[in-house]
Structure formats: structure tokens, C-alpha cells
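Taking it in order: structure first as C-alpha cells, then the write-up.
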Amino acid sequence: MSDHKTPSAWRPATRLLHAGLERTEFGETSEALFLTSGFVYDNAEQAAKTFTGEVEHYQYSRFANPTVTALERRLADLEGAEACVATSTGMGAVSSALLSHVRAGQRVVASRALFGSCHWIVANLLPQYGVETVFVDGGDLNAWAEALSKPTAAVLLESPSNPMLDVLDLQAISDLAHKAGALVVVDNVFASPLYQKPLELGADVVVYSCTKHIDGQGRVLGGAVLGRKDWITETLQPFTRNTGNALSPFNAWVMLKGLETLSLRVDAMARNAATVADYLAEAPGIISVRYPGRKDHPQYELAQKQMSGGSSMIAFEVAGGQEGAFAFMNALQLIAISNNLGDARSLVTHPATTTHMKIGAEERARLGISDGAIRFSVGLEDSADLIDDLARGIAALPQR
């Protein structure tokens, strides 16, 4: 296959189409889909040398596959990372990044504001393997400094966070973490690879659920871990290859197609989100709105500093608690109820009873996830139609 080198002057939209492109001898326009589980060798000697690493040759699609490699190269190019490993899901990316790196007797410090399954890994899974875990208020740098005053193996955080869109100071936290010897892992899903570059802000590893904006059209699951080449090859890859956390070639091919329109979709979704957030902020029955692009966001100045866009995500609270949230959501005709996000179609979910149900009421209260909180993933519909639908939800709120 011919390797298409990526000129350094190319801008993101061009890179999303052409970065790392390889063509077979057939000269196909679209990336080839190598839907194969295994590969053959010219002779026994080549097979033996492949397994010792003396020869580069694909062995088995659990280890590597040309279509998956194409996705990994394009994601690494977009992120500005030295290397990437694609995984079967976003949670596979998070769990692999942590479990490959951390050992029994070590410490992990995490922001309290995490997606429910990420919170479960830190609160429940890691301690089962003898790892000490500590949660901190992500916005409190003094709390980070105290937690990181001891040697620490890894730090995990999200910014903006799921679901309340807290924005964390990635550079300041990374500086504190590195003094403690920690690997900094940032879940960048809400910002997307277009609107925030954690590696440029001090992070060591970036993780994605590629299910979200990268596919972004509700079709396939996938994840990605990006970082330094030495850490990827020496620490992460032995873990993913031997535990079987591999992305299917078909899903990788679908995501390559998703990347081609990523900048168009995310920019349009963010424009819609900004318009809708302004509407919700003035609407009756809406107690509060959180959107990183609005000046009333608690960390607006920080968001302006480390993000280049406002995100496709909004968090807002309706009057009436859970009763009000359910009435609001059930009245919607266009916006669907789903726990997915980053999709071309607009989606809402009630975190207290879905994505963050298992962390408990006390922890939700600490995170500001009220019973009336709704997470809104804004899609590509006409913003006027979205506002009309949100008006239906507002009209359905219980009268007090």
C-alpha cells in the first residue's frame, strides 16, 4: 500500500479527509475495509520474525488491522498525538488507559465530576485491585494540591464534565499531577478533538468515546486512547492486545467516514447549542442553564482560554424536580430521549435516573445534578424547530 504523507500546513478540515490515507494497488478513493480476522504469511520464517518483531506484518485483527490503523493514524494526526490505540468502546478506552498503567498499592486521583461508568471504575473497580482512589472537587485547585501532595500514579478528569459541563483548568491540574509523578488522563468527549487540545495543555493521555461526535450518527461503538508513542507501545498496547479490547474493522471504517464530516457537524451543532442555550436562559420554568459559550457559565473565562468552541452540549434545570423533568421530556416531539450524546439528532436524558443513577443521591447533590437537571445533546436540526419543541416541554411543566 502507498502511504500518503500529511503536509504540516494542512488545516483540520483537510486532515479529517486525507491524513494518513493509504491506498492499495487498486487505487480506491475511499479507505479500504479489511474485514478479516487474520492474515497469511509468505513463509514460516516470515511468520516467526513477525512474532519476534523483526518483520512488520499484520498478524491478527485483535492486534492490528489496516482499517483500524488508518483510523488510529488519522485520530493521532487530528489530536496532535504521537500514537493512538482504538478500542471497542469509549469505556474500553478509559479502563484500558488506567488498568494498563496503575499497579496495586498505587494511588489514583480523580475529579468527582465524572461520567457514571468512569466514576464506578475509580470508586469500585480500582480498589478491588488494591489501588487507592481519591476524589476531589475538580474546580478546587487547593483540593488537587492536597490530594497530589503524595506520590500518585494517575489522574483522571473530564472537561467539560458530564453532565453539568464543569470546565477544569487542565494546565494547572497537569502541573500539580506531574509533580506527584502522575500520568494525566483527560476524557475530552464533550469538547471533541476540534474544540480542545488537552495534550497542548499538559495532559499525557486523551481518551474518547468515538461513538459520540467522531461517528456521531448513532451507528457504531468505539473508543480511542492517544498519547506518547513510548507509553502507547510499551504500556497500553500489551494490555489491549492481550485482553482483547479491539475495535472491529467495520466500526473503524464507519468512523473514518464520520471523521470526514466531523468539523461540519460539530460546528453546526455548536452554533445550534449556543442559540438554544440563549433561548432556554430566558424561558419560563427554566431554573438555570450551563453552556461553556455563555458568559454566565461559572468557568466562562477558563473555557475561553482553553477551548476554541462552546461544545454541542447543554445542561439545564427545570422547575418541579423529577416530575418536571419527566413532564418536559415526555412532551417533546422532535428531540428524542436517549442516554447517547454527540449525535446528529438532538437527544435529552435525565442524568439522575440514567447515566448517574448509580452514584447515589448524595454524590449527585455534590455534583449539582439535581432531580430537575436535563442533559441536552444538540444536533443538526434547524434551531427554530428545536426551540419550538423545547417550548412544548416548557408548556408541559407542572404549574406551581
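The values are calculated or read from the model by the stated rules, or taken from the named source; none is laboratory data. What you are looking at is a predicted structure, and each value in this text was computed from that prediction instead of being measured. Note that we place each Cβ from the backbone using ideal geometry, even for glycine, and neighbour counts take in every protein chain shown. Please note that ligands, DNA and RNA were not included when accessible areas were found on the heavy atoms of the full protein model with its side chains. Shrake-Rupley method; radii C 1.70, N 1.55, O 1.52, S 1.80 Å.
Could you please let me know if Asp389 is open to solvent by 10 Å² or more (accessible area, probe 1.4 Å) and either of a type outside the set (Lys, Arg) or modelled with pLDDT under 95 (or both)? For Asp389, the condition - open to solvent by 10 Å² or more (accessible area, probe 1.4 Å) and either of a type outside the set (Lys, Arg) or modelled with pLDDT under 95 (or both) - is not met. Here the helices (runs of 4 or more DSSP H) wholly within the stretch 124-204 that include at least 2 residues being closer than 30 Å to Leu259 by Cβ are 170-179, 192-195. Quick one: Ile173 ticks every box in (1) open to solvent by 20 Å² or more (accessible area, probe 1.4 Å); (2) touching a helix residue (DSSP H, G or I) at 6+ places or on another chain (Cβ under 6 Å); (3) not charged (D, E, K, R) except a single one, so which number is it? For Ile173, the failing item is (1).
Test Gly342 against the criterion of being in contact with a strand residue (DSSP E or B) (Cβ under 7 Å, 6 or more places away or on another chain) and either buried (at least 24 other Cβ atoms within 10 Å of the Cβ) or part of a loop (DSSP other than H, G, I, E, B) (or both), and give yes or no.
It is true that Gly342 is in contact with a strand residue (DSSP E or B) (Cβ under 7 Å, 6 or more places away or on another chain) and either buried (at least 24 other Cβ atoms within 10 Å of the Cβ) or part of a loop (DSSP other than H, G, I, E, B) (or both).
One residue alone among Thr52, Thr67 is farther than 30 Å from Ala143 by Cβ, hydroxyl-bearing (Ser, Thr, Tyr) and crowded, with 20+ Cβ neighbours inside 10 Å, and that residue is Thr67. Scanning the stretch 5-24 for residues that are assigned to a loop (DSSP other than H, G, I, E, B), out of contact with any Asp or Glu (no Cβ under 6 Å at 6 or more places or on another chain) and either open to solvent by 50 Å² or more (accessible area, probe 1.4 Å) or among the β-branched types (Val, Ile, Thr) (or both) yields Lys5, Pro7, Ser8, Ala9, Trp10, Arg11, Thr24. Cβ-Cβ contacts under 6 Å between residues 6 or more apart (or on different chains), taken from a first residue in the stretch 69-89 that is closer than 16 Å to His213 by Cα to a second residue that is crowded, with 20+ Cβ neighbours inside 10 Å and at pLDDT below 95, are listed as Arg74/Ala19; Arg74/Gly20.
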